[in-house]
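The block underneath contains the structure these notes are about, expressed in C-alpha cells.
The values are calculated or read from the model by the stated rules, or taken from the named source; none is laboratory data. Predicted, not measured: the structure shown is a model, and the values here were computed from it. Note: ideal-geometry Cβ built from the backbone for every residue, glycine included; neighbour counts use all protein chains shown.
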Amino acid sequence: MKILYKNETPISKSKIRKLEKYAKRYYQLKMDIIKMIICLVNISFSVYILFNEGNKVGIFIILLSMFGILDIIWGIDIKKEKLIYEFYDTYFRLDIFDETLEVYYSEIQKFIEEKNTFYIVLNNLAFYIDKDKFANGNEKEIIEFMKQKLEKI
C-alpha cells in the first residue's frame, strides 16, 4: 500500500495532557482513583505498623506508596521520541516507541484542528499531530483528506 501522507511529531508532555481533555479518559480516571485509594490505605496501614510495632518495613511501604501517588499526579515519564504517522487510503499507522498501531478512519470520532496541532479522537483514546512536521503532504492536504474520510462514516 502506498503512503499518502507521513508525519513525524515529537512527543510533548503538554500535548499529552491535552489529549486527556479530548479523549475523555474516564477509564484512566477510575484507575487513578483506585490507585490513589490503595496508596492511601497502604500509607495508613504502614503508619499504624510503624508506630505500634516499630517495624521499619512500614517506612519502605510508605515511600513506595508515595511514589505511586507521584506517578498519578505527574503521569508518565516521556523520553525524547517521535510519533511517526503514515496515512494510507483506509487507515493510518502510528509508530510509537516499539509499538505500531493501525487505526481505521471509521474508528475516529473527532478530528480537531488547533493552531499548530491536529487531535484525532477515538472512543477513549486520542492522538496529536504537529501540523508543520509532514514529510509527505501538508496541513491543508491532510485537512481535506480527513474531511473526505470522515464524511464517508
Please find, within the range 116-153, the residue that is nearest to Lys15 (Cα to Cα) out of those that are surrounded by 12 or more Cβ atoms within 10 Å (Cβ to Cβ) and among the charged types (D, E, K, R). Asp130
For the range 121-134, how many residues meet the condition of being of a type in the set (Val, Ile, Thr) and modelled with pLDDT of 90 or more? 1
